[in-house]
Amino acid sequence: MEKYILPNIPNYHKIDVYEQHGGYAALKKALQMKPDEVIDEVKKSGLRGRGGACFPTGLKWSFMPKGNDKPKYLAVNGDESEPGTFKDRQIFEFNPHMMIEGIIIGCYAMGITSAYIYIRGEYRKWIKMVDGALADAYAKGYIGENILGTGFTTNIYTHCGAGAYICGEESALMNSLEGERGYPRVKPPFPAQKGLWGMPTTINNVETMANVPLILNKGYDWYSKIGVAKHPGPILVGISGHVNKPGVYEVPTGVPLLTLINDPQYGGGVPNGKKIKAVIPGGSSTMVLRGENLEGVNMDADSLKAAGSSVGTAGLIVMDEDTDIVAVLARIAHFYHHESCGQCTPCREGTGWLEKMLHRFEHGEARQEDVEMLVEVANQIEGNTICALGDAAAWPVQSFVKRFREEFEKRVKVKEEVEAA
Amino acid sequence: MLTQENLQKAESLFKKYPEKKAALLPILWIAQDQEGWVSEEMMKYVADLVGVPYAHVLGVVTFYTMFNDKKLGKYHIEVCTNVSCMLKGSGKIVDVVERACGAKVGQTSADGKFTVSEAECMGACGGAPMIAIGEEYHEYLTPEKTEKLLTSLK
Ligand SMILES: Cc1cc2nc3c(=O)[nH]c(=O)nc-3n(C[C@H](O)[C@H](O)[C@H](O)COP(=O)(O)O)c2cc1C
Ligand code: SF4
Ligand code: FES
């Protein structure tokens, strides 16, 4: 299929090449429309956020108050720290202008005069690339004062994070941008009411913004017919783990997971012809699926929900038959414990217990009751915290134990045998 | 203290934001780039520059893992051991790195050349296993490639 976000066009990251292929035409078109018409177009396209929660983008934009009596902000989320996720970096490197064009259009639609692209500190090399692209867009008059003579003014800045997964959570991101520690905020108030510096703010993922020019260029109707109707559009799928050709692949939503894993144009199959034991479909926080249950499961919101998981960031992690499931979950639990900001007791304490218990399983020191205990601790975190990191820590544990119970019980037995001997 | 040039860079950042405090992280980056780490003295200096209490700067520096409140070795080697890298053998990469650098995870080698850290996912899972040396990513590693890479560092 044709590719739009990561097309095979040499030097597409350069502004001249981008323009030669129709770049910034969507902006010109949008600037001729009323802001509300732009929001309407995005709404009707069916675009849903690519940052993990699949929230309808047009609807989110419509929550912003109208009028220009106070400043409003856009924060573009390029924190990209969910394990298994490495797609936004491709946009920074290979198609920054499409994201930038989408940001300008978003600013126009919502009446925003300052946008910040928050990018994780580990990506400093890529921040420089985005800064270069921004400078070129400024020089061409696409950003800044009186854009293309329309009287509309907006500025776009990059902002460098400094190593904290939690800053990808939207309210932590805002605190971080304001020069604070990255602690999530209690909601409500929601960002559209009270966000950056107390002002109305929208937060969108990098890939979400890169989709916007497509919608304006070719119309919502065209866009809404790409992939599946309820979650349309091109989507960047990152495939990692046990596949022959790991990487980021652009596909329409709704492609079967097995195609993504096995097709030679995508993952290219599991090395050495091994079987798939497990798949995490959308970054480490999404629920694990068993390899034998992948038939009919596709990369879109409804299909993955029906299968008992979610799209998340579309970071597909493949594990072959030799994988130590307990060790994988222990590593995931370590991550969420390490990244918990510590504000809420269930998250701070719970993630620590989970990690400790899982290490006991890893070393064959767990008791039979511990299998249930893992799920109980996870259940107590889920839904009882300020931000969704708590849920993100709970879901892997719940799903790993539910779907690979035998792997955990096996580790218990080893100990009993040792004691009996 | 920032150099004159860096001070100018820092001050030019203030106009990006409606409040000065928002420039704190970017200014700490400038400070760390200049010195390699952020000393207590530097934190106090930055606090004055940004107009926030020293305790606030200390809180920020300790919250974010990329700000170093201690001196590091000349090369900072970070090995990702998160899931995708683990599945592709990051455990062996850790072993090679520790041996070649003469420092365990969390330590700096006696000659001050290497600091070795274990890192969380760095957004390069497709290129697993991987390490970062400063800002540079090195992907699709094997133990042999890693060893070669590290011995080539002067
Ligand atoms: C712990 C945590 C980490 C997150 N990390 C990211 C991230 O790195 N990038 C991102 O776009 N969204 C991340 N999110 C989701 C954001 O809070 C937010 O929903 C998203 O940026 C909205 O953009 P979208 O509507 O375009 O998807 C994270 C959420 C949580 C709870
Ligand atoms: S759920 Fe965890 S990460 Fe989120 S605010 Fe509470 S303690 Fe912090
Ligand atoms: S897991 Fe190592 S870079 Fe993502």
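Quick one: in region B:115-130, which of the residues that are facing another protein chain (nearest Cβ under 7 Å) and outside any helix (DSSP H, G or I) is surrounded by the fewest Cβ atoms within 10 Å (Cβ to Cβ)? It would help to see each step written out before you state the result.
The first filter runs over region B:115-130 and keeps only residues facing another protein chain (nearest Cβ under 7 Å), leaving B:120-126, B:128.
Still in the list and also outside any helix (DSSP H, G or I): B:120-124, B:128.
Values: B:E120: 20, B:C121: 28, B:M122: 27, B:G123: 28, B:A124: 23, B:A128: 27.
In this case the residue turns out to be B:E120.
Looking at A:P83, A:P96, A:P35 in this structure, which one is open to solvent by 10 Å² or more (accessible area, probe 1.4 Å) and modelled with pLDDT of 95 or more?
Going through A:P83, A:P96, A:P35 in turn, just one is open to solvent by 10 Å² or more (accessible area, probe 1.4 Å) and modelled with pLDDT of 95 or more: A:P35.
Can you go through A:H359, A:H337 and tell me which one is surrounded by fewer than 17 Cβ atoms within 10 Å (Cβ to Cβ) and modelled with pLDDT of 95 or more? Break it down into steps so the answer makes sense when it comes.
Details: A:H337 fails: surrounded by fewer than 17 Cβ atoms within 10 Å (Cβ to Cβ).
Of the residues listed, the single one that is surrounded by fewer than 17 Cβ atoms within 10 Å (Cβ to Cβ) and modelled with pLDDT of 95 or more is A:H359.
Taking only region A:141-158 into account, find how many residues are closer than 24 Å to B:P26 by Cα and open to solvent by less than 30 Å² (accessible area, probe 1.4 Å).
First pass over region A:141-158, keeping only residues closer than 24 Å to B:P26 by Cα: A:143-144, A:154-158.
Add one more test, that the residue is open to solvent by less than 30 Å² (accessible area, probe 1.4 Å), and what stays is A:143-144, A:154, A:156, A:158.
Within region A:141-158, residues that are closer than 24 Å to B:P26 by Cα and open to solvent by less than 30 Å² (accessible area, probe 1.4 Å) number 5.
Restricting attention to region B:10-26, and to residues there that are more than 9 Å from every other protein chain (Cβ to nearest Cβ) and surrounded by 15 or more Cβ atoms within 10 Å (Cβ to Cβ), which single residue is farthest from the chain's Cα centre (by Cα)?
Of the residues in region B:10-26, the ones more than 9 Å from every other protein chain (Cβ to nearest Cβ) are B:10-15.
If we keep only those that are surrounded by 15 or more Cβ atoms within 10 Å (Cβ to Cβ) too, we end up with B:10, B:13-14.
Values: B:A10: 20, B:L13: 22, B:F14: 24 Å.
Per the stated criteria, the residue is B:F14.
Would you pick out the residues in region A:103-128 that are surrounded by fewer than 17 Cβ atoms within 10 Å (Cβ to Cβ) and either of a type in the set (A, V, I, L, M, F, W, C) or assigned to a loop (DSSP other than H, G, I, E, B) (or both)?
Correct list: A:T113 only.
I'd like the full set of residues that are outside any helix (DSSP H, G or I), open to solvent by 20 Å² or more (accessible area, probe 1.4 Å) and on the phi < 0 side of the Ramachandran plot, limited to region B:27-51. Walk me through it before giving the result.
First pass over region B:27-51, keeping only residues outside any helix (DSSP H, G or I): B:36-39, B:51.
Within this subset, residues satisfying the condition of being open to solvent by 20 Å² or more (accessible area, probe 1.4 Å) are B:36-37, B:39, B:51.
Hits for region B:27-51 are B:W37, B:S39.
Would you confirm whether any residue within region A:119-126 is in contact (Cβ under 8 Å) with a residue 12 or more places away in the chain, more than 14 Å from chain B (Cβ to nearest Cβ) and not small (G, A, S)?
Pass one, region A:119-126, residues in contact (Cβ under 8 Å) with a residue 12 or more places away in the chain: A:119-124, A:126.
In the following step, the residues that additionally are more than 14 Å from chain B (Cβ to nearest Cβ) were identified as none.
Within region A:119-126, not a single residue is in contact (Cβ under 8 Å) with a residue 12 or more places away in the chain, more than 14 Å from chain B (Cβ to nearest Cβ) and not small (G, A, S).
Filter region A:157-205 down to the residues that are away from chain B (no Cβ under 14 Å), among the hydrophobic types (A, V, I, L, M, F, W, C) and more than 17 Å from A:C344 (Cβ to Cβ) and list them by number.
Residues satisfying the conditions are A:F190, A:A192, A:I203.
Looking only at residues in region A:56-80 that are within 12 Å of chain B (Cβ to nearest Cβ) and part of a strand (DSSP E or B), which one is most open to solvent (accessible area, probe 1.4 Å)? Write out each step before concluding.
First, the residues of region A:56-80 that are within 12 Å of chain B (Cβ to nearest Cβ): A:70-73, A:75, A:78-80.
Those left that are additionally part of a strand (DSSP E or B): A:73, A:75, A:78.
Values: A:Y73: 16, A:A75: 0, A:G78: 0 Å².
The qualifying residue most open to solvent (accessible area, probe 1.4 Å) is A:Y73.
Do the conditions hold for A:Y138, that is, is it among the hydroxyl-bearing types (S, T, Y), open to solvent by 10 Å² or more (accessible area, probe 1.4 Å) and free of Cβ contacts under 8 Å to residues at least 24 places away in the same chain? Outline the logic, then answer.
Numbers: among the hydroxyl-bearing types (S, T, Y): yes; open to solvent by 10 Å² or more (accessible area, probe 1.4 Å): yes; free of Cβ contacts under 8 Å to residues at least 24 places away in the same chain: yes.
It is true that A:Y138 is among the hydroxyl-bearing types (S, T, Y), open to solvent by 10 Å² or more (accessible area, probe 1.4 Å) and free of Cβ contacts under 8 Å to residues at least 24 places away in the same chain.
Answer yes or no as to whether A:S399 is among the hydroxyl-bearing types (S, T, Y), surrounded by 20 or more Cβ atoms within 10 Å (Cβ to Cβ) and within 13 Å of ligand 2 (Cβ to nearest atom). Reasoning before the result, please.
On the way: among the hydroxyl-bearing types (S, T, Y): yes; surrounded by 20 or more Cβ atoms within 10 Å (Cβ to Cβ): yes; within 13 Å of ligand 2 (Cβ to nearest atom): no.
Here the answer is no, as A:S399 does not meet what is asked.
Contact list please: Cβ distance under 6 Å, first residue in region A:344-372 and at negative phi, second residue polar (S, T, N, Q), pairs at least six apart or on different chains.
The qualifying pairs are A:C344/A:T385; A:P346/A:Q380; A:P346/A:N384; A:P346/A:T385; A:C347/A:S340; A:C347/A:T385; A:R348/A:S340; A:T351/A:S340.
Return yes or no: is A:G179 buried (at least 21 other Cβ atoms within 10 Å of the Cβ), within 30 Å of A:L389 (Cβ to Cβ) and without any contact (Cβ under 8 Å) to a residue 60 or more places away in the chain?
yes
Of (1) farther than 30 Å from A:Y249 by Cβ; (2) among the β-branched types (V, I, T); (3) open to solvent by 10 Å² or more (accessible area, probe 1.4 Å); (4) more than 16 Å from ligand 1 (Cβ to nearest atom), B:I133 satisfies all except one. Which?
Looking at each condition in turn, B:I133 falls short on (1).
Does A:H242 satisfy the condition of being open to solvent by 10 Å² or more (accessible area, probe 1.4 Å), in contact (Cβ under 8 Å) with a residue 24 or more places away in the chain and within 14 Å of ligand 3 (Cβ to nearest atom)? Don't jump to the end; show me each part of the working.
Working: open to solvent by 10 Å² or more (accessible area, probe 1.4 Å): yes; in contact (Cβ under 8 Å) with a residue 24 or more places away in the chain: yes; within 14 Å of ligand 3 (Cβ to nearest atom): yes.
For A:H242, the condition - open to solvent by 10 Å² or more (accessible area, probe 1.4 Å), in contact (Cβ under 8 Å) with a residue 24 or more places away in the chain and within 14 Å of ligand 3 (Cβ to nearest atom) - is met.
Of all the residues that make up region A:44-55, how many are under 16 Å from A:L214 (Cα atoms) and open to solvent by 20 Å² or more (accessible area, probe 1.4 Å)?
In the first step, residues of region A:44-55 are kept if they are under 16 Å from A:L214 (Cα atoms); the result is A:44-50.
Those left that are additionally open to solvent by 20 Å² or more (accessible area, probe 1.4 Å): A:44, A:46, A:48.
Number satisfying all stated conditions: 3.
The values are calculated or read from the model by the stated rules, or taken from the named source; none is laboratory data. All values derive from a computational prediction rather than experimental measurement. Please note: Cβ atoms are built from the backbone with ideal geometry, for glycine as well, and neighbour counts cover all protein chains shown. Surface accessibility is based on the protein's heavy atoms, side chains included, excluding ligands, DNA and RNA. Shrake-Rupley method; radii C 1.70, N 1.55, O 1.52, S 1.80 Å.
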